[in-house]
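Everything below concerns the one structure shown next.
We did not get these values from a lab; they are worked out from the coordinates using the rules stated. Note that the structure is a prediction, hence the values are computed from the model and not measured. Note: ideal-geometry Cβ built from the backbone for every residue, glycine included; neighbour counts use all protein chains shown.
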Amino acid sequence: MDLKRRVYKKDNRVLIGFMGSGKTTFGKALAGKLGMHFLDTDTYIEKQAGKSIADIFAEDGEEAFRKLETETLVYLRDHLENTVLATGGGMPLRECNARLLKETGRVFYLTAAPQVIYDRIKDSTDRPLLQGENPYGRICELMKERKSRYEAAADELVDTNSNDMEEILDVLSKPF
Ligand code: S3P
């Protein structure tokens with residue numbers, strides 16, 4: 001068996017980035033364009049756990065959620081084929097996840113300015129980390145804290161500020 005091929009499944013495309021960077025929106029469209037499967041780690045975890053991400057945070061705590069993310073990634077790394085994988089915004093925070101992400105596929109880091117992120121997600125209520133009094137301030141703070149982790153986990157950076165679907169899909173669908 002070709003072990004290297006089994007471990008490095010480069011036919012998958014993995015999207016990382018802050019909440020609201022467009023991982024799910026662009027990921028679904030990308031999968032449609034390339035005829036690939038689409039999977040979202042948050043949705044996968046919710047199905048496995050039988051409860052929402054918000055409930056996992058509230059009942060079990062953030063650390064328990066981060067552990068589920070790593071376990072999920074180990075499983076997906078070994079099983080995904082021909083898939084666009086959208087990940088939760090905190091997935092690259094654990095150092096071991098950066099390696100797992102790269103072993104799963106080509107990793108695209110979707111970026112956008114804090115104001116663009118804020119405008120995209122200001123009405124959503126399902127993100128436990130942004131439910132405080134000053135979500136814009138929290139976005140700026142978390143983005144600053146996480147920037148180096150996203151960069152370390154990424155193969156390629158993709159600017160989504162324009163919201164231009166066609167232009168962004170062109171970049172994400174390039175052969176590699
Ligand atoms: C999180 C991002 C969320 C979800 C959880 C934690 C984060 O996913 O995994 O609320 O730490 O950035 P999205 O990026 O899809 O919103």
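Figures for the structure shown
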quantity	calculated
Protection proxy ranking of 170-176, 18-24, 80-86, 125-131 - average other beta-carbon atoms within 10 Å, highest first	18-24, 80-86, 125-131, 170-176
Rough spin-label spacing in nm, given labels placed 7 Å along Cα→Cβ, for residue 171 and residue 57	2.7 nm
Mean residue ellipticity (222 nm) of the chain, computed from DSSP H runs ≥ 4 via -39,500 (n - 2.57), nearest 500	-16500 deg cm²/dmol
Dipole magnitude (debye, nearest 20) for the chain, charges at Cβ of Lys, Arg, Asp, Glu	580 debye
Residue (of 30, 90, 79) at the positive-pole extreme of the chain, dipole from beta-carbon charges	79
Exposure proxy ranking, count of Cβ atoms within 10 Å, fewest first, for 74, 158	74, 158
Taking the chain and dividing mean pair separation by its residue count, relative contact order in percent (alpha carbons under 8 Å, at least six apart)	34 percent
Stokes-Einstein D in µm²/s, Kirkwood radius over Cα pairs - the chain at 4 °C with 1.567 mPa s viscosity	79 µm²/s
